[in-house]
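Q: The structure is given below, and queries will be raised subsequently.
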Amino acid sequence: MSPKTRGYLFAFLAICIFAGQDAITKYLGDRYPALFITMIRFWAFALFVFAFAASSSGGLRKTAHTRHPWLQVVRGLLLVAEIVVIVISYVHAGLAMSQSIFQATPLIITILSIPLLGETVGWRRGAAILIGLIGVLVIINPVNVHFDMSLLLPLAASVLFALYSIATRAVSREDSAVTSLFYAGVVGAVAISLVGPFYWTEVVPSNWFALAALCVCGTLSHFFLIKAYGLLPAAEVQPVTYFQLVLNVIFAVMLFGETITHNMIVGALIVVGAGLFTIWREHQLARRSSVSRA
């Protein structure tokens with residue numbers, strides 16, 4: 001099996017597990033506070049990153065060294081905030097609707113990279129962003145009399161994750177991926193542990209397996225995604241992640257009885273298409289830039 005084939009296999013496994021993790025999160029979110037679920041999830045994540053950092057080259061000392069300590073802390077806070085919001089979104093807006101809107105994240109990243117990273121966006125990517133945002137409006141359907149403010153929750157989660165991704169880009173110029181993963185897990189676990197205990201809820205025995213599965217899925221999904229990024233460029237991994245939307249919609253319908261509307265399907269196709277074009281365009285520009293420097 002070639003490295004590229006293994007990379008796609010790891011990416012596919014990560015996406016499948018992420019989708020399963022979302023379904024479990026939706027199930028638990030209907031029964032327990034979002035902050036409590038997120039805290040347990042981050043405790044497992046922190047254990048994973050500690051073990052991963054300890055086994056990496058240079059160990060914990062090298063992994064914990066960063067040129068951007070405050071920005072790494074901000075990344076951790078953004079990630080834990082995004083997860084809390086998306087858990088609440090799954091409960092109030094639904095799994096399928098939340099994931100459909102969340103697919104706008106690559107477009108929001110491109111928009112925010114202009115003021116925050118000083119990047120430039122040409123007319124092609126600008127048009128793709130505009131079309132993608134129209135797709136989000138189609139999904140939300142704000143002119144419908146049944147419009148619910150809860151639909152803004154997944155959009156807020158998307159903005160938070162976009163800010164997290166922008167911060168990750170900024171620190172990646174000097175910090176390794178292992179270092180960034182370490183700070184995301186540890187800072188997030190510390191931050192949520194300051195609030196989560198106030199929402200501590202006794203877990204009924206019948207839900208212990210689901211909670212354990214959530215922790216295992218969170219660990220395995222990140223591990224496989226790290227392996228995928230080690231074998232494939234980000235531009236090749238990102239399109240695979242859109243398959244998660246398909247799986248989430250299947251789970252939403254089969255497990256939770258959610259209804260998929262025509263505007264959700266059309267809007268999601270528009271958003272995914274615009275996102276794929278944006279990712280492809282960024283990849284092309286990066287290749288041209290590397291060729292010109294050579």
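Q: I need the phi-derived Karplus couplings for segment 167-178: 6.51 cos²θ - 1.76 cosθ + 1.60, θ = phi - 60°, integer Hz, Gly and Pro marked x.
A: 5, 5, 4, 5, 6, 5, 5, 10, 9, 6, 5, 5
Q: Using modelled amide H (1.01 Å from N, peptide plane; none on Pro or chain starts), what sits under 5 Å from the amide H of Tyr32, excluding residues fewer than 5 places away?
A: HN-HN under 5 Å from Tyr32: empty list.
Q: Okay, moving on. Hey, if we sort Glu258, Glu119, Glu82 by accessible area with the 1.4 Å probe, largest down, what's the order?
A: Working: Glu258 40, Glu119 60, Glu82 15 Å².
If we order Glu258, Glu119, Glu82 from most to least accessible, we get Glu119, Glu258, Glu82.
Q: For Val204 and Arg288, what is the calculated FRET efficiency with R₀ set at 41 Å and r taken between the beta-carbons, to the nearest 0.05? Write out the running numbers ahead of the final one.
A: Details: r = 57 Å, r/R0 = 1.39.
Approximately 0.10, to the nearest 0.05.
Q: Also, quick follow-up: Nearest 0.05, what FRET efficiency do His92 and Leu137 give at R0 = 22 Å with Cβ-Cβ as r? Intermediate values should be presented prior to the final figure.
A: Values: r = 20 Å, r/R0 = 0.89.
Efficiency at R0 = 22 Å is approximately 0.65.
Q: Hey, another quick one. On the accessible surface of the chain, probed at 1.4 Å, how many percent belong to carbon and sulfur atoms? Walk me through the intermediate numbers first.
A: Values: 10190 of 14380 Å².
Roughly 71 percent, rounded to a whole number.
Q: Further question on the same structure: Be a star and scan segment 210-245 for residues whose amide nitrogen sits under 15 Å from the point 7 Å along the Cα-to-Cβ vector of Ser56.
A: 222-231, by backbone N distance to the label point.
Q: Pop out the ³J(HN,Hα) list for segment 196-211 in order, Karplus 6.51 cos²θ - 1.76 cosθ + 1.60 with θ = phi - 60°, rounded to Hz; leave Gly and Pro as x.
A: x, x, 5, 10, 4, 10, 5, 8, 5, x, 5, 9, 4, 4, 4, 5
Q: Sticking with this one: For segment 145-266, what is the largest minus smallest coordinate of the Cα atoms on each principal axis, given in angstrom and ordered from greatest to least?
A: Principal extents (largest minus smallest coordinate, Cα): 48, 41, 27 Å.
Q: Now, a different point. Sequence neighbours fewer than 8 away in the same chain don't count; with that in mind, list the lysines whose C-alpha is under 17 Å from Lys4.
A: Reachable lysines: Lys227.
Q: Whole number in Å², please: accessible area per residue of the chain, 1.4 Å probe, ligands, DNA and RNA not counted. Please report the intermediate quantities before stating the final value.
A: Working: 14380 Å² over 294 residues.
Heavy-atom accessible area per residue stands at 49 Å².
Q: Please report, in whole Å³, the volume per residue of the convex hull around the C-alpha atoms of the chain.
A: On the way: hull volume 44.2 nm³, N = 294.
Considering the Cα atoms of the chain, their hull volume per residue is 150 Å³.
Q: Aspartates and glutamates within cross-link reach of Lys62: Cα-Cα under 16 Å, excluding same-chain residues under 8 positions apart?
A: Filter leaves Glu174, Asp175.
The values are calculated or read from the model by the stated rules, or taken from the named source; none is laboratory data. On a predicted model such as this, the values are computed, not experimentally measured, just so you know. Heads up, the Cβs are rebuilt from the backbone with ideal geometry, glycines too, and the neighbour counts pull from every protein chain shown. What goes into the accessible areas is simple: the full protein's heavy atoms, side chains included, and nothing from ligands, DNA or RNA. Shrake-Rupley method; radii C 1.70, N 1.55, O 1.52, S 1.80 Å.
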